[in-house]
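*Asks:* What follows is a single structure, and I will ask about it in a moment.
Rule-based calculations on the coordinates, nothing more; no lab input. These numbers were taken from a predicted model, which means no experiment stands behind them. Reconstructed Cβ throughout: ideal geometry from the backbone, glycine too, with neighbour counts over all protein chains shown.
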Ligand code: NAD
Ligand code: WQD
């Protein structure tokens with residue numbers, strides 16, 4: 001029995017594969033390397049001493065996907081594969097809808113035909129938009145996301161809920177807040193292609209001298225210091241939540257439809273300036289910055305109430321912001337040593 005991990009060589013996927021292997025799951029990865037590198041597979045083996053099965057192909061290729069299900073007894077799936085760049089999704093909406101939704105539907109067709117249950121979906125706090133109250137729990141009303149990327153996440157959730165209801169299957173939607181950090185071994189981490197859009201990769205590259213200055217998008221928000229607030233969750237903590245969610249699904253032997261939804265965050269909000277200061281302190285480096293206008297489409301504040309995950313999955317975030325940011329810096333040094 002194996003777990004299919006799509007996008008398993010990507011940022012969150014690779015960390016989750018490590019946790020699955022450490023928990024003695026057999027793992028089958030499908031990843032087309034559109035946003036990852038083959039050396040990550042080697043590094044997963046170095047970190048775990050185990051070798052996951054790996055298929056390098058695009059999940060839109062239905063016939064190849066079917067062959068994976070023929071070759072392995074798949075007992076569940078964690079579906080990370082997706083395009084995730086918010087700005088790019090506005091420029092290439094059809095590519096985003098195609099990649100993020102056709103891949104999902106192809107996997108669900110296999111699940112439907114082969115009577116497989118246990119599906120975990122990578123969703124995002126973006127489905128809440130700017131929530132009216134903080135912290136955000138799972139009952140907070142959803143808003144139509146501003147970006148095409150966000151819409152693919154909301155549509156993915158709806159497709160999965162309809163799937164679970166129609167075929168009496170068990171699914172879990174995990175809504176991540178802002179994942180950061182790298183593996184403590186410094187062999188796995190985020191691989192930003194080109195100029196990073198996300199805060200922590202940009203801060204890291206600025207500290208490393210690859211970027212001249214961080215632009216802080218707005219300091220006139222109604223927050224503690226005027227900069228926007230997010231909930232930054234350490235990627236290894238996040239990866240562990242997937243194992244907990246998978247175990248819960250697999251232990252649930254009921255034949256009835258199950259739809260579990262969990263917010264995965266720390267429960268704490270940090271401002272942009274607080275992240276910059278924490279990075280400087282954790283790594284004893286300087287991050288030059290300038291204050292700029294607000295970025296279009298940004299929300300003011302988002303942080304999770306993750307009590308449901310704590311209660312039902314027995315999971316909670318354990319790593320401090322500073323510790324997480326220390327791993328990011330170690331990962332940056334590793335990339336430099338490999339000239340990546
Ligand atoms: P990532 O880009 O590092 O990983 C995604 C992986 O999927 C990549 O390795 C890529 O090569 C692969 N992939 C993409 N399309 C594919 C296809 N058609 N066939 C096969 N492989 C394909 O991204 P990540 O940060 O690890 O995110 C994983 C998931 O979590 C995504 O679904 C993303 O939307 C979601 N998510 C991410 C964040 C975040 O900030 N990183 C936040 C919330 C939700
Ligand atoms: C965080 C804060 C920026 C870069 C995005 C996606 C969302 C989800 C998480 C996947 C904001 C500020 C950033 C910079 C800055 N991903 N910032 N200078 O905006 O919360 O969300 O990632 O589902 O869908 O939209 O994350 O890291 O881009 O920004 O000042 O160079 O840092 O304005 O306040 P965000 P982020």
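*Asks:* With respect to residue 50, is the statement that it is under 21 Å from residue 183 (Cβ atoms) and touching a helix residue (DSSP H, G or I) at 6+ places or on another chain (Cβ under 6 Å) true? Reasoning before the result, please.
*Replies:* Values: under 21 Å from residue 183 (Cβ atoms): yes; touching a helix residue (DSSP H, G or I) at 6+ places or on another chain (Cβ under 6 Å): yes.
So residue 50 passes the test.
*Asks:* Quick one: which of 145, 135 is within 12 Å of ligand 2 (Cβ to nearest atom) and surrounded by fewer than 22 Cβ atoms within 10 Å (Cβ to Cβ)?
*Replies:* Working: 135 fails: within 12 Å of ligand 2 (Cβ to nearest atom).
One residue alone meets the criteria, 145.
*Asks:* Please count how many residues of the range 168-183 are more than 20 Å from residue 7 (Cα to Cα) and surrounded by 15 or more Cβ atoms within 10 Å (Cβ to Cβ).
*Replies:* At the first step, the residues of the range 168-183 found to be more than 20 Å from residue 7 (Cα to Cα) are 168-170.
Going one step further and asking which of them are surrounded by 15 or more Cβ atoms within 10 Å (Cβ to Cβ), we end up with 169-170.
Of the residues in that region, 2 qualify.
*Asks:* For the range 100-109, give me the residue count where each residue is within 12 Å of residue 58 (Cα to Cα), under 20 Å from the mean Cα position of the chain (by Cα) and surrounded by fewer than 21 Cβ atoms within 10 Å (Cβ to Cβ).
*Replies:* Residues in the range 100-109 being within 12 Å of residue 58 (Cα to Cα), under 20 Å from the mean Cα position of the chain (by Cα) and surrounded by fewer than 21 Cβ atoms within 10 Å (Cβ to Cβ): 1 in total.
*Asks:* Additional query: Residue by residue through the range 307-323, note down the ones that are out of contact with any helix residue (DSSP H, G or I) (no Cβ under 8 Å at 6 or more places or on another chain) and under 17 Å from residue 180 (Cα atoms). Steps first, please.
*Replies:* From the range 307-323, those out of contact with any helix residue (DSSP H, G or I) (no Cβ under 8 Å at 6 or more places or on another chain) are 307-308, 310-311, 320; that's our starting set.
Selection gives 320 alone.
*Asks:* Would you check if there is a residue in the range 16-35 being crowded, with 16+ Cβ neighbours inside 10 Å, within 16 Å of ligand 2 (Cβ to nearest atom) and closer than 28 Å to residue 126 by Cα? Please lay out each step first, then the result.
*Replies:* Step one: list which residues in the range 16-35 are crowded, with 16+ Cβ neighbours inside 10 Å, which gives 16-21, 25-32, 35.
From what's left, within 16 Å of ligand 2 (Cβ to nearest atom): 16, 35.
Those left that are additionally closer than 28 Å to residue 126 by Cα: 16, 35.
Yes, there is a match, as at least one residue in the range 16-35 is crowded, with 16+ Cβ neighbours inside 10 Å, within 16 Å of ligand 2 (Cβ to nearest atom) and closer than 28 Å to residue 126 by Cα.
*Asks:* Can you confirm whether residue 240 is away from ligand 1 (no atom under 12 Å from the Cβ) and surrounded by fewer than 20 Cβ atoms within 10 Å (Cβ to Cβ)?
*Replies:* On the way: away from ligand 1 (no atom under 12 Å from the Cβ): yes; surrounded by fewer than 20 Cβ atoms within 10 Å (Cβ to Cβ): no.
For residue 240, the condition - away from ligand 1 (no atom under 12 Å from the Cβ) and surrounded by fewer than 20 Cβ atoms within 10 Å (Cβ to Cβ) - is not met.
*Asks:* Can I ask one more? Anything in the range 142-168 that is farther than 16 Å from residue 86 by Cβ and either without any contact (Cβ under 8 Å) to a residue 12 or more places away in the chain or under 20 Å from the mean Cα position of the chain (by Cα) (or both)? List them, or say none. Spell out the reasoning first.
*Replies:* Within the range 142-168, the first condition is being farther than 16 Å from residue 86 by Cβ, and the residues that meet it are 142, 157-168.
Selection gives 142, 157, 158, 159, 160, 161, 162, 166.
*Asks:* Would you check if there is a residue in the range 250-259 being surrounded by fewer than 20 Cβ atoms within 10 Å (Cβ to Cβ) and within 21 Å of residue 15 (Cα to Cα)?
*Replies:* yes
*Asks:* Looking at (1) more than 26 Å from residue 149 (Cβ to Cβ); (2) touching a helix residue (DSSP H, G or I) at 6+ places or on another chain (Cβ under 9 Å), which is the only condition residue 73 fails?
*Replies:* (2)
*Asks:* If you take the residues of the range 169-214 that are on the phi > 0 side of the Ramachandran plot and without any contact (Cβ under 8 Å) to a residue 40 or more places away in the chain, which of them is nearest to ligand 2 (Cβ to nearest atom)?
*Replies:* In this case the residue turns out to be 194.
*Asks:* Show the residue pairs meeting these rules: Cβ distance below 8 Å; 6+ apart or different chains; first residue within the range 123-140 and over 10 Å from residue 263 (Cα atoms) and without any contact (Cβ under 8 Å) to a residue 60 or more places away in the chain; second residue assigned to a loop (DSSP other than H, G, I, E, B) and near ligand 2 (Cβ under 10 Å from one of its atoms).
*Replies:* Matching pairs, first to second residue: 126/145; 126/147; 127/145.
Every residue, every condition in (1) crowded, with 17+ Cβ neighbours inside 10 Å; (2) over 24 Å from residue 151 (Cα atoms); (3) over 21 Å from the mean Cα position of the chain (by Cα), yes or no:
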| site | (1), (2), (3) |
| --- | --- |
| 262 | yes, no, no |
| 265 | yes, no, no |
| 278 | yes, yes, yes |
| 304 | yes, no, no |
| 312 | no, yes, no |
| 315 | yes, yes, no |
| 321 | yes, yes, no |
| 333 | no, yes, yes |
| 340 | no, yes, yes |
